[in-house]
Amino acid sequence: MPETLNISDAEWEVMRVVWASGESTSQEITRVLNGKRGWSQSTVKTLIGRLTSKNYLHARKESRHFIYTTHLDEPESLKLELEGLLGRICSRKIPNLLAYLVEKTPMIAQDRAMLEEVLQNKQVVAEVPCDCYPGQCTCHLHASGTILSDQSHEEITHEN
Ligand SMILES: [Zn+2]
C-alpha cells in the first residue's frame with residue numbers, strides 16, 4: 001500500500017466496482033456506473049486511464065478485452081482517505097467529530113458493543129497536543145509565541 005492516495009470521487013466509483021468484483025472489464029465497469037451515474041463508456045475509459053497511469057489499476061489483455069485488477073486494499077484505502085481528511089482539522093477537534101460519527105451511524109447491538117470495548121480499552125493522555133500550523137487553528141491563539149506578538153502589537157498601538 002502507498003502512504004497516501006490521490007483518487008478523485010469519480011475515480012473512486014470505478015475502484016469500488018473493481019473492489020467488488022475482484023477484476024472487471026471496462027464494459028462491466030461501464031454497466032454499473034452507467035446505471036448509477038449515467039456515465040458513458042468513454043467517460044469510464046478516461047477514469048480507468050487515469051487510475052492505470054497512477055498505478056492503482058493494472059490491465060492485462062485476455063482475448064479481445066483488457067481485464068482490470070487492483071493491488072489496493074479497499075479498507076486500507078479508505079483508512080488513508082480518512083487520515084487525509086482528519087489531517088484537515090486540529091487533533092483536539094477529532095473526538096467531537098468521532099462523537100458525531102457515532103451518533104449518526106446506524107448500528108446493531110454488536111457494533112455498539114465493539115465500540116464500547118474500544119472505548120473501555122482506550123488509553124487517555126493528559127492533553128492532546130495541537131499539531132496545527134500556526135494561523136490555521138484557534139489553539140495557537142493561546143500559545144506563548146502569539147501572546148508575545150499580541151503584546152508587541154499592543155505596544156505599537158500605544159505608541160501611536
Ligand atoms: Zn490545533
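The values are calculated or read from the model by the stated rules, or taken from the named source; none is laboratory data. What you see is a predicted model, and the numbers here were worked out from it, not measured in a lab. No Cβ is skipped: glycine too gets one built from the backbone with ideal geometry, and neighbour counts run over all protein chains shown. Each accessible area value is taken on the protein alone, full model and side chains, heavy atoms only, with ligands, DNA and RNA left out. Shrake-Rupley method; radii C 1.70, N 1.55, O 1.52, S 1.80 Å.
At-a-glance table
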quantity	calculated
Scan of region 37-72 for residues that are in contact (Cβ under 8 Å) with a residue 12 or more places away in the chain, open to solvent by 70 Å² or more (accessible area, probe 1.4 Å) and within 22 Å of the chain's Cα centre (by Cα), ordered by number	ARG37, ARG50, HIS71
Any hit, region 136-150, residues being within 16 Å of the ligand (Cβ to nearest atom), touching a Lys or Arg at 6+ places or on another chain (Cβ under 9 Å) and either at pLDDT below 95 or open to solvent by 70 Å² or more (accessible area, probe 1.4 Å) (or both)	yes
From LYS93, LYS79, residue being part of a helix (DSSP H, G or I), more than 16 Å from the ligand (Cβ to nearest atom) and within 17 Å of the chain's Cα centre (by Cα)	LYS79
Single condition LEU33 does not satisfy, out of (1) over 24 Å from PRO2 (Cα atoms); (2) touching a residue at least 24 places away in the same chain (Cβ under 8 Å)	(2)
